[in-house]
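Down below is the structure, laid out as structure tokens.
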Amino acid sequence: HIINFTDIQLYIYDKCPHDELTIIMRRYMMKIAETIAKDHDDKALITGESIGQVASQTIESLLVTNEVCTLPVFRPLIGFDKQEIVEISEKIGLQLKEFLLSSDLTEDVENPDYVFAIGGDGTVLRTFNKYMDKLDTVKFLSIHTGHLGFYTDYSAEDFEKIFFDMLALEPTIEQYPLLHLKAYCKDGKLIADSYSLNEITVNSHSGFTYAAKVFINGEHFENFRGDGLCISTPTGSTAYNKSLGGAVIHPQMDLYQITEIAALNNLVYRTLGNSIILSKEDELIIKPLKLDNHRISVDFRTFNYDTVSKLYITLAKDKKISFIRYNDVSFWKRVKRSFIENE
Ligand code: NAD
């Protein structure tokens, strides 16, 4: 049976205290399940709950949901160690899917309007990569099941709030800029054409120092020699870029940043030393001095090339990523709770 729950949820949202929405919703779900069970002369209910997995499945919560049922409720997974992040993600995914399908939405993996990423920032990067060609239509919403995430808004503990937020609130859509990379080999052939949500890093894959000429808007800017260069988006500024000492940038600024990775400075190779912020019009070209041993990382993906002669990097002109936001956790609050203190 699939029961459309939308009207009940809206009613609960309207009439009940908001910190008890999930538990009241679960009581109604149990009540409905019991009504159907009794119609079919079934003798018990079976659920997939396990203790302490999310806030609505503590002993106290299970006790309160049980109170609305007269049939026995069996929970065969009750003692399973579901703290494993992957399992939590899978379960949240299933619950979310059930909810969405009961709210007049359909599942379309190939051409979705909304994509839910459940995991951490790494999951968001992988989900972005999967739907990179569909950014014009796709909007992302993410739930973190591990540590606090930068791209994620809901935690595993409060993810059921999404159900209510989606029904009752008008979301804001936040768009963030991306980087566009084109890599060419010596004969001018395009060998990589990709977009990045966090950053593009270049270095040598042999362990030798990486040496390259850096051009901004066609003009020679500096000769780099060192471990490599990290070119980050505003959203990526809190990731690898931050570990390298780069500036943290508000994610909706249309700009990008180059940060050096352990630059050597001597009479031949001389770099600015500071990270550089480039505008959305600026075009960055990196020409490695040695064409072999070239490693390019785009977010979590790494490619080794032995023929790269030129990298062309700009802020993507035709693409941005869109996130749906229901709660207004400001970017600076995210920075504070991730790096300074989590109140
Ligand atoms: P991972 O599992 O090692 O995760 C790296 C960490 O980066 C995680 O804690 C994640 O939450 C965090 N992170 C990712 N994007 C973030 C963002 N935009 N703001 C703040 N923190 C962020 O590796 P992964 O899951 O494959 O993620 C790839 C990312 O790892 C890369 O895009 C890069 O930014 C980051 N990275 C960081 C370093 C470093 O800080 N020294 C080195 C290599 C890669």
query = Quick one: in the stretch 134-182, which of the residues that are in a loop (DSSP other than H, G, I, E, B) and hydrophobic (A, V, I, L, M, F, W, C) is nearest to residue 97 (Cα to Cα)?
reply = 159
Subset of the stretch 178-193 [in contact (Cβ under 8 Å) with a residue 60 or more places away in the chain and away from the ligand (no atom under 13 Å from the Cβ)] = 180, 181, 182, 183, 184, 185, 186, 191, 192
ask   = Would you say residue 272 is of a type in the set (A, V, I, L, M, F, W, C), away from the ligand (no atom under 14 Å from the Cβ) and not in a strand (DSSP E or B)?
value = yes
task = Might you check whether a residue that is within 16 Å of the ligand (Cβ to nearest atom) and of a type in the set (A, V, I, L, M) occurs anywhere in the stretch 278-301?
result = yes
query = Out of all the residues in the stretch 285-336, which are under 19 Å from residue 232 (Cα atoms), within 17 Å of the chain's Cα centre (by Cα) and hydrophobic (A, V, I, L, M, F, W, C)?
reply = 298, 300, 321, 323, 331, 335
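This table checks each residue for (1) of a type in the set (Ser, Thr, Tyr); (2) over 18 Å from residue 210 (Cα atoms); (3) touching a residue at least 60 places away in the same chain (Cβ under 8 Å).
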site	(1), (2), (3)
250	no, yes, yes
263	no, no, no
266	no, no, no
270	no, no, no
280	no, yes, yes
295	no, no, yes
306	no, no, no
311	no, no, yes
314	yes, yes, yes
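Okay, residues lined up against (1) at pLDDT 85 or above; (2) exposed (fewer than 11 other Cβ atoms within 10 Å of the Cβ):
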| site | (1), (2) |
| --- | --- |
| 13 | no, no |
| 32 | yes, no |
| 79 | no, yes |
| 87 | no, no |
key: The one condition in (1) within 28 Å of residue 336 (Cβ to Cβ); (2) assigned to a strand (DSSP E or B); (3) touching a residue at least 40 places away in the same chain (Cβ under 8 Å); (4) of a type outside the set (A, V, I, L, M) that residue 224 fails to fulfil   = (1)
task = Quick one: in the stretch 127-157, of everything that is near the ligand (Cβ under 8 Å from one of its atoms) and within 9 Å of the chain's Cα centre (by Cα), which residue is modelled with the lowest pLDDT?
result = 149
inquiry  = So residue 249 ticks every box in (1) in a helix (DSSP H, G or I); (2) surrounded by 12 or more Cβ atoms within 10 Å (Cβ to Cβ) but one. Which box is left unticked?
reply    = (1)
request  = Determine if the stretch 161-172 includes at least one residue that is over 30 Å from residue 23 (Cα atoms), at pLDDT below 90 and surrounded by fewer than 22 Cβ atoms within 10 Å (Cβ to Cβ).
outcome  = no
remark   = Subset of the stretch 298-328, residues β-branched (Val, Ile, Thr), at pLDDT below 95 and either within 27 Å of residue 218 (Cβ to Cβ) or in contact with a Ser or Thr (Cβ under 7 Å, 6 or more places away or on another chain) (or both), comes to 307, 308
request  = Pull up the stretch 115-126, narrow it to residues that are within 12 Å of the ligand (Cβ to nearest atom) and farther than 18 Å from residue 195 by Cβ, then point me to the one that is surrounded by the most Cβ atoms within 10 Å (Cβ to Cβ).
outcome  = 119
inquiry  = With the requirement that a residue be crowded, with 19+ Cβ neighbours inside 10 Å and either within 18 Å of residue 208 (Cβ to Cβ) or of a type outside the set (Ser, Thr, Tyr) (or both), what does the stretch 252-261 give you?
reply    = 257, 258, 260
task = Go through (1) in contact with a strand residue (DSSP E or B) (Cβ under 7 Å, 6 or more places away or on another chain); (2) in contact (Cβ under 8 Å) with a residue 60 or more places away in the chain; (3) hydrophobic (A, V, I, L, M, F, W, C) one by one and return the number of the condition residue 143 breaks.
result = (2)
Subset of the stretch 209-258 that is out of contact with any Lys or Arg (no Cβ under 9 Å at 6 or more places or on another chain), more than 9 Å from the ligand (Cβ to nearest atom) and β-branched (Val, Ile, Thr) - its residue that is nearest to residue 125 (Cα to Cα) = 231
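The values are calculated or read from the model by the stated rules, or taken from the named source; none is laboratory data. These numbers come from a predicted model, not from an experiment. Because the Cβ atoms are built from the backbone with ideal geometry, glycine has one as well, and the counts that use them run over all protein chains shown.
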